1. Using a 7 Å offset from the Cα along the Cα-to-Cβ direction at both E5 and K338, what is the distance between the two label points in nm, to one decimal?
2. Can you tally the net charge around V231? Count Lys and Arg as +1, Asp and Glu as -1, for every other residue whose Cβ sits under 11 Å from the Cβ of V231.
3. Using a basic spin-label model with each label point 7 Å from the Cα along Cα→Cβ, how many nm lie between R275 and C71?
4. In degrees, nearest 10, range 0 to 90: what is the angle between the Cα axis of helix 131-152 and the longest Cα principal axis of the chain?
5. If you line up the long axis of helix 76-86 against the longest principal axis of the chain, both from Cα atoms, how many degrees apart are they, to the nearest 10?
6. Specify the angular offset, from 0 to 90 degrees and rounded to the nearest 10, of the alpha carbon long axis of helix 262-275 from the longest principal axis of the alpha carbons in the chain.
7. Say R0 is 35 Å: what FRET efficiency, to the nearest 0.05, do V113 and E57 get from their beta-carbon distance?
8. Can you give the relative contact order of the chain as a percent, counting alpha carbon pairs under 8 Å and 6+ residues apart?
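Values in this text are rule-based calculations from the coordinates and carry no lab data. Here the structure is a predicted model, which means the values were calculated and not measured. Glycine also receives a Cβ, built like all others from the backbone with ideal geometry; neighbour counts cover every protein chain displayed.
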Amino acid sequence: MKRIERLLKKMSDEKLPAMYVSNPKNVRYLCGFTGEDSCLLLTESTVFFITDGRYVEQAREELSDLIQIVCWSQSLMAETAEIIRKHSIQEVGFEGSHLSYSDGELFKSLVQVNTRIADGWVEEFRAVKDEDEIRSTIEAVKIVDRTFMHILNFIRPGLSEKQVATEMEYFMKQIGSERTSFETIVASGIRSSYPHGEASDKIIELGDMVILDFGATFGGYASDITRTVAVGEPHPRLKEIYDLVLEGQLAGLNAIRHGMKSKELDSIIRSPFKRENMNEHFNHGAGHSIGLDIHEAPFISYRSDHEFVENTIMTVEPGLYLPGIGGVRIEDDVLVGKEKSQVLTKSPKKDLIVLPFYK
Ligand SMILES: [Mn+2]
């Protein structure tokens, strides 16, 4: 109930008498419910959990007794509107960015009271992790570290990217991952120059760079790691950019801490690339937060004035991509600390791993 109380406090500060929470990750975060198709309606006097017949039992099991479980009869939104009417609530906040345009319009027409968009309120809480959340993330991180060591002994020329991805996903599940935290990326050879090449039927060949970008989930919390390895001797340019990417990544991991601005961190990560006139080959964001979602606020961006806060968990993931040749990306998860931050992922990266295959 601590998280719900915090939101109630925020509502009272903002003079908002009721709030409709429909983002399933926010519902889970606030009350612990792990199912789907359910919403919370917070009011000054009562917290309602609105669901359908499939989830009533699960809700009784997972929710605090202080939350009133309501099973809808017509629809989720109609039931919410009914409660709002019954309790003569004058205004309700909702998460506009998580509703489609038509659902937002429907919500407004059903409740027939003043509405206010309350986007990002719960997400702001979620950006700073408590002990339990950190513990779950560390478990999810251990799974990806073990999977990287496992897959090094599995990759060989002649296997398809999909075969490698399938083995990774099977292994992660066997050692405790609830699900992959996103679609596993295995991008080899020329495809490694596509920053987000999902595993394809392409066969891994001798001399290919292989980008492995994958994540596990534990207790609902995501991990996210990228390593780039070579299958046999790679193109000499790729060996050079490996060292450059690592330099930028380590600079970022060493620099990130409480109070640092997002754009400041972005520029630290990019500075070796700028020095070598390679910055144009780094064409995606330098990192994001992880949690119940794989991509959460805050993000590392040259446009962002956000200041990182202790106990946020960020990824730092620079990459360089040479069209027609291949690419390199290295990504770790880091727990932001007051003075010094703690890199959670431990998979080796100091030197490019060249798997020993020969003609
Ligand atoms: Mn990532």
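1. If labels sit at E5 and K338, their model points lie 2.4 nm apart.
2. -2
3. 6.6 nm
4. Long axis of 131-152 versus the principal axis of the chain: about 30 degrees.
5. 40 degrees
6. Once rounded, the angle reads 10 degrees.
7. 0.65
8. 15 percent
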